[in-house]
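Structure record follows, encoded as structure tokens.
The values are calculated or read from the model by the stated rules, or taken from the named source; none is laboratory data. The shown structure was predicted, so the numbers you read here are calculated from the model rather than taken from an experiment. For the accessible areas, the whole protein counts, side chains as well, though only heavy atoms, and no ligand, DNA or RNA atoms are used. Shrake-Rupley method; radii C 1.70, N 1.55, O 1.52, S 1.80 Å.
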Amino acid sequence: MRELLADALAPTRYNVAAAVSAAALLFVAYVVVPHPYVQYGAWLVIFTVWMVWFVYLGVDHVYGIDSEP
């Protein structure tokens, strides 16, 4: 299992983009516009970003997207 997840959290451009977008959304939702509707919307968008990242990681593992020449 460790071999499977060894490079899952490596600082690739997709991992960094997902983390930065989530952090930016939380900053906007809790510091810039601290309203419950904005916070709820930010969490929904963060969930969507996480799911896209998760599906991409699974497809990359099964089909090897990054290993193509």
Can you pull the percent of the chain's accessible area that's carbon plus sulfur, 1.4 Å probe, other chains left in place? 73 percent
If you roll a 1.4 Å probe over the heavy atoms of the protein chains, what accessible area per residue do you get for the chain, in Å²? 82 Å²
Only helical DSSP H runs with n ≥ 4 go in: add -39500 (n - 2.57) per run for the chain, normalise by residue count and round the 222 nm mean residue ellipticity to 500 deg cm²/dmol. -22500 deg cm²/dmol
Choice from Val31, Val52, Val16 showing the highest fluctuation, given a GNM over the chain with Cα pairs closer than 10 Å: Val31
Using Cα atoms only, what is the angle between the long axis of helix 13-27 and the major principal axis of the chain, expressed in degrees (0 to 90) to the nearest 10? 10 degrees
Which label belongs to the value computed from this structure, given these candidates for P(r) over Cα pairs in 10 Å bins from 0, in percent: (1) 18, 33, 18, 13, 11, 5, 1; (2) 19, 41, 24, 14, 2; (3) 22, 43, 24, 10, 1? (2)
